[in-house]
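Undergrad: If you scroll down you'll find the structure; I have some questions about it.
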Amino acid sequence: MLLYIHIPFCETKCHYCAFNSYVDKFDIAEHYFRAMEKQLEFELKRFNVQKNSISSVFIGGGTPSSVDAKLYKNIFRQIEPFLVEDAEITTEANPNSTTKQWIEKMMELGVNRISFGVQSFNNDKLLFLGRTHDAIKAQDVISFAHQVGIKNISLDLLYGLVLDTPSLLEKDLDIAFSLPINHLSAYALTIEKNTPFAKRKKIVNSTLELAQIVVDGVQKRGFYQYEISNFGTYKSRHNLGYWQYKNYIGIGSGAVGFLDNKRFYPSKNPNKYIENPLQIKTEQLTLQDQHIEKIFLGLRSEVGIKKEMLTQEEQQKVALLIDEKKLTCKDKTLFNNNYFLSDEIVLFITN
Ligand SMILES: C[S@@+](CC[C@H](N)C(=O)[O-])C[C@H]1O[C@@H](n2cnc3c(N)ncnc32)[C@H](O)[C@@H]1O
Ligand code: SF4
């Protein structure tokens, strides 16, 4: 079982970001955490969570490092009996707001993995993205996270902007790999509706050449690609769990939960969520929805898909893709040879 906890607060809003987060709601943070505790109590029962069964917790956002570590205390108290002994407990963190004390306190609570939203080590690019940290700050914060004892450190990079050149991206990777990380997520910029970037022109440079430079560059430096955007010598249990189509509890406004054939959506608005954290919409997934989702998640990651789950017609199309060396079949499981083609491949198989 996986557990996701959403923190919908950010100090500033980055120009590209459409995640459910607010810069003007820090005054309700304490009430928000009390509401999450209520929802968590409810979900632990609904998901029939047993002792020693939660293998991964992921605190995401928004910006988890923008709120005091002591606010997380009760939640950790609640989940403690349900965690497996070596649970992966990750928090996202923004280099700008993360302090040494915050990391130490989160470690005391049980956090053993941090994913830093770095985006780039180029100060012009950071400014363009609307980030508030600079390259030195990001390097310092990762170094002291390691010094205080966080062994599993990841960082996010963003690429595919007009500013990106092969040499800029190579430099970003050189600096990333000089740091004590064992995981890296490299995301191609998508222009999201209602973001400042959506109103501007000349933002994106989505050439395959840049994407290939990033993927080749990360692999050349020793990290293994286990999903279209994720690399490491350590593979995140939480990420893998999503792609393996495992159930997950989602706590907080804008979080999503998944149980067998249902998805759960608590209110996206933090104030409404506080009023009633148990007002949760349910989406019933059809067999066809689940079928396509499994293929989609499996083929954009090393998880792959079991051949036997496909219809006869789909298996015929797969045979063509194997001939064209786009897919590989090993132990009755199909694997994608180029994650960048996953959308086209899934469309081809399922239509
Ligand atoms: C919730 S945020 C990260 C944590 C923290 N809020 C921070 O930004 O430092 C997760 C990651 O999603 C990625 N991301 C956000 N918006 C994106 C977009 N429009 N296109 C591609 N990646 C995006 C960024 O790399 C970001 O670090
Ligand atoms: S990228 Fe992170 S810090 Fe920036 S607005 Fe999105 S969630 Fe907040």
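The values are calculated or read from the model by the stated rules, or taken from the named source; none is laboratory data. From a predicted model like this one, the values you see are computed outputs, not experimental measurements. For neighbour counting, all protein chains shown are included, and Cβ atoms are generated from backbone atoms with ideal geometry for every residue, glycine included. Keep in mind that these areas ignore ligands, DNA and RNA; they rest on the heavy atoms of the full protein, side chains included. Shrake-Rupley method; radii C 1.70, N 1.55, O 1.52, S 1.80 Å.
Undergrad: With a 1.4 Å probe and all protein chains kept in place, how do Met36, Met309 rank by accessible area, largest first?
TA: Met309, Met36
Undergrad: Of Phe231, Leu208, Phe177, which is farthest along the charge dipole of the range 2-243 in the positive direction, counting Lys and Arg as +1 and Asp and Glu as -1 at C-beta?
TA: Projecting each Cα onto the dipole axis, the largest value belongs to Leu208.
Undergrad: Pairs Lys137/Lys171; Lys201/Lys281; Lys70/Lys125; Lys13/Lys262; Lys70/Lys246: which exceed 25 Å Cα-Cα?
TA: Distance filter (> 25 Å) returns Lys201/Lys281; Lys70/Lys125; Lys13/Lys262; Lys70/Lys246.
Undergrad: Additional query: Within a Cβ distance under 14 Å of Ile280, other residues only, what is the Lys/Arg minus Asp/Glu net charge?
TA: Spelling it out: positives minus negatives among the neighbours equals +4.
Undergrad: Count the net charge of all other residues whose Cβ sits under 12 Å from the Cβ of Ile28, scoring Lys and Arg as +1 and Asp and Glu as -1.
TA: Neighbourhood net charge equals -1.
Undergrad: Continuing with the same structure: Under the Karplus relation 6.51 cos²θ - 1.76 cosθ + 1.60, θ = phi - 60°, what is the ordered set of whole-Hz ³J(HN,Hα) values for the range 80-93, x standing for Gly and Pro?
TA: 3, x, 9, 7, 6, 4, 9, 3, 7, 10, 9, 10, 6, 8
Undergrad: Name the residues whose placed amide hydrogens come within less than 5 Å of the amide hydrogen of Ser115, ignoring near sequence neighbours (fewer than 5 apart) on the same chain.
TA: HN-HN under 5 Å from Ser115: Thr91, Glu92, Ala93, Ser154.
Undergrad: Could you give the accessible area per residue of the range 117-160, probe 1.4 Å, as a whole number in Å²?
TA: With the other protein chains kept in place, the range 117-160 gives 37 Å² per residue.
Undergrad: Give me the net charge for the shell around Asn152: Cβ to Cβ below 12 angstrom, other residues only, Lys and Arg +1, Asp and Glu -1.
TA: Its environment carries a net charge of +2.
Undergrad: Divide, for the chain, the radius of gyration over alpha carbons by 2.2 N^0.38 Å, where N is the residue count.
TA: Here the Cα radius of gyration is 1.00 times the empirical estimate.
Undergrad: When ligands, DNA and RNA are left out and all protein chains stay put, how many square angstrom of accessible area per residue does the range 286-351 have with a 1.4 Å probe?
TA: That works out to 60 Å² for each residue.
Undergrad: Moving on to the next point. State, to one decimal in nm, how far the label point of Arg221 lies from the label point of Lys281, with both points 7 Å from Cα in the Cβ direction.
TA: Between Arg221 and Lys281, the label points sit 4.0 nm apart.
Undergrad: Roughly what % antiparallel, to the nearest 5, for the DSSP beta bridges in the chain?
TA: Percentage antiparallel, nearest 5: 40.
Undergrad: A follow-up question, please. Each residue of the range 219-228 in turn: what ³J(HN,Hα) in whole Hz from Karplus with 6.51, -1.76, 1.60 and θ = phi - 60°, glycine and Pro shown as x?
TA: 5, 4, 8, x, 9, 8, 7, 10, 7, 3
Undergrad: Pull up all non-local amide H partners of Ile7: gap of 5 or more, or a different chain, and H-to-H distance under 5 Å with H placed in the peptide plane.
TA: Counting only residues 5 or more places away or on other chains, the set is Gly60, Gly61.
Undergrad: Just need the relative contact order of the range 163-285 here, percent rounded to a whole number, with Cα pairs under 8 Å and 6+ apart.
TA: The normalised contact order for the range 163-285 reaches 17 percent.
Undergrad: In whole Hz and in residue order, list the ³J(HN,Hα) couplings for the range 25-33 that follow from phi through the Karplus curve 6.51 cos²θ - 1.76 cosθ + 1.60, θ = phi - 60°; x for Gly and Pro.
TA: 10, 4, 5, 9, 4, 5, 4, 4, 5
Undergrad: Using alpha carbons only, how many angstrom separate the centre of the range 195-224 from the centre of the range 44-74?
TA: Their Cα centres are 31 Å away from one another.
Undergrad: Here is a further query. Hey, in the chain, which Cys have no second cysteine's beta-carbon closer than 4.7 Å?
TA: Cys10, Cys329
Undergrad: Once you've got the GNM for the chain with C-alpha springs shorter than 10 Å, pick whichever of Ser206, Ser65, Ser236 has the biggest mean-square fluctuation.
TA: Ser206
Undergrad: Taking the Cα centroid of the range 225-249 and of the range 6-21, what is the distance between the two, rounded to the nearest whole Å?
TA: 23 Å
Undergrad: In addition: Please give the peptides 119-128, 45-54 ranked by average Cβ packing (other Cβ atoms within 10 Å per residue), highest first, as a rough proxy for protection.
TA: Result, highest mean first: 119-128, 45-54.
Undergrad: Starting from one equal scatterer on each C-alpha and no solvent at all, send me the Debye-based log10 I(q)/I(0) for the range 286-351 at q = 0.16, 0.28 Å⁻¹, two decimals.
TA: Rounded to two decimals, the profile gives -0.43, -1.51.
Undergrad: Mind ordering 73-82, 94-103 by average Cβ neighbours within 10 Å, highest first?
TA: 94-103, 73-82
Undergrad: Starting from the Cα of Lys13, move 7 Å in the Cα-to-Cβ direction to define the label point; list residues of the range 188-216 whose amide nitrogen is under 11 Å from there.
TA: From the range 188-216, the list is 194-197.
Undergrad: Turning to a different aspect of this structure: Whenever you get a sec, compute what percent of the accessible area on the range 286-351 sits on carbon and sulfur atoms (1.4 Å probe).
TA: That fraction is 55 percent.
Undergrad: In debye to the nearest 20, how big a dipole does the range 2-243 give about its Cα centre with +1 on each Lys and Arg Cβ and -1 on each Asp and Glu Cβ?
TA: 380 debye
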